[in-house]
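What follows is calculated from the coordinates using simple rules that are stated; it is not laboratory data. Just so it is clear, the model here is predicted, and its values are computed rather than measured. All Cβ positions, glycine included, derive from the backbone under ideal geometry; neighbour counts span all protein chains shown.
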Amino acid sequence: MCGIVGLVQRTDCFTELYDSLIMLQHRGQDAAGMTVCKKGNLHSRKSKGLVSEVFNQQHFERLRGTYGIGHVRYPTAGGNTKEYAQPMYVNSPYGISLAHNGNLSNSKELAEELFHSDLRHISTNSDSEVLLNILAHEISKSKETEPGPDTFFNAVRNTYQRCEGSINVVSIITDYGLLAFRDRYGIRPLSLGSRVNEDGSKDYMVSSESAAFACSNYELERDLQPGEAIFITFKGDLFSEICCEETALTPCLFEFVYFARPDSVIDGISVYQARQAMGTKLAEKIKKHIADDDIDVVIPIPESSITSGVKVAEVLNKEIAFGFVKNRYVGRTFIMPEQGLRRASVRRKLNPIFDEFRGKNVLLVDDSIVRGTTMKEIVEMCYKAGAQKVSVASAAPEVMYPNVYGIDMAAKQDLIASGRSLEEIKVFLGCDNLVYQDLEDLVSSVMELNPELDGVEKSIFDGEYPTNISDEYLYNLEKARSMANL
């Protein structure tokens, strides 16, 4: 999972790009970067690390330009070295810089096409570099010296036809403007924001999440539609076109469960309200499966579980306690690139408040249980802190299948629910009771807030992929992810 942002405004945009990337830091901790453009000159900075580590005062002074793009990286395809940081750049045609959120499922085949048919060489294993060169090749086919919006929209249309998977993009076409487009199934979020200048003109921002707008006084206008491309000239003129014949609005369920900020709105749905609904429905199931006497206090795992956990306590009429102190200088363990780092970070990340556990029957509420290793550590912490009983409730159903749309979920054999019964999972975690949300309830928690959705992308729960995913691709993905966790 990555975060992307693009800006076109009247004044230098470094500050707004920086602030937006800070707001999107939860979507990627491996690397950060930005590219800005001014009078045909591109200025870039990217490196491994957090946004605050990658940029400093000297970059504020050097990265001058009125439009630009930024990226925070969570590694999914390719490697973890500096070369894989984004934005990526190709000098022909015009000079194109691109930032990508998602994952191409046919990048290997496309890389071969690029070499043999398009005469372009790919220097990394990054699917984003493949996507950049596909887009560049399609734009170059027009051979126009003064390209307009139709040139870029035609190129996006052809890019959609060649690429499979999820391809949310913000890109700079040097000295022409900003080109952004969203994948045809709307799996990953992409929003358009604006702010009005004193003369009535508009500045524009495109971002993975609407939460990035407020810090720079931008306001959410709308979400990009599936298959939609927008082109914003450096003068601030906006053009839009749907570039796919077959589209569907099916946002990823896991965005609402875990990834997105609670103050974001995705496709007309408040992430906060969706998590409240998840908590309400989860509580009703808990009533059926855990005895009332087995719960003295509800303790959500910070932070993405807090909204659901508070609602669980309210519906169960139980005390809510925030029994863990989170070290805010340790990042999100789920999106760390290596399993070893995730394991080592759990105890550095959370410390129990012993008074909230000692002698009590505790219900832990988490947003999801993926590998199970983190929850196993947390359950052990609870007992060591003096809990009599520990029950666990997950606001998401069992995660049983790999994700192929930009989340490095884990190899299938590493998913705790894959091939294990509920009792076997409970024994592994070491808890007294275990409840998972029903998939139907999770889906309705989101779709009830916007009935106009065509559905939701839920393949990690049911194995039904909306795009063409071959067994060979899944096998290679499993192999790569297993090697990464050694």
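By the count of other C-beta atoms within 10 Å, a proxy for reagent exposure, His59, His71 are ordered fewest to most as His59, His71. For the stretch 3-248, the mean projected area of the C-alpha convex hull, equal to one quarter of the hull surface, is 11.9 nm². Across the cross-link table entries Lys311/Lys376; Lys426/Lys479; Lys281/Lys458; Lys287/Lys318; Lys412/Lys458; Lys48/Lys326, which are compared at the Cα atoms, the separations over 21 Å belong to Lys311/Lys376; Lys426/Lys479; Lys48/Lys326. Relative to the Cα centre, the charge distribution of the stretch 3-248, modelled as +1 at Lys and Arg Cβ and -1 at Asp and Glu Cβ, gives a dipole magnitude of about 600 debye. Restriction of the GluC sites (Glu not before Pro) in the stretch 128-180 to DSSP coil positions whose beta-carbon has at most 16 other beta-carbons within 10 angstrom yields Glu144. When Leu7, Leu220 are arranged by Cβ crowding within 10 Å, least crowded first, meaning fewest neighbours, the order is Leu220, Leu7.
Each Cα pair under 8 Å and six or more residues apart adds its sequence gap; the mean of these over the residue count of the chain is a relative contact order of 13 percent. Taking the Cα centre of the stretch 270-459 as origin and assigning +1 to Lys and Arg Cβ atoms and -1 to Asp and Glu Cβ atoms, the resulting dipole is close to 780 debye. Dipole magnitude for the chain: computed about the Cα centre from +1 point charges on Lys and Arg Cβ and -1 point charges on Asp and Glu Cβ, it is near 1680 debye. The calculated pair-distance distribution of the stretch 270-459 uses every alpha carbon pair, bins of 5 angstrom beginning at 0, and gives 1, 8, 16, 20, 22, 17, 10, 4, 1, 0 percent. Placing unit charges on each Cβ (+1 for Lys and Arg, -1 for Asp and Glu) gives the stretch 270-459 a dipole about its Cα centre, and among Met400, Ser304, Ser270 the Cα reaching farthest toward its positive end belongs to Ser304. As a ratio to 2.2 N^0.38 Å, the alpha-carbon radius of gyration computed for the chain takes the value 0.98.
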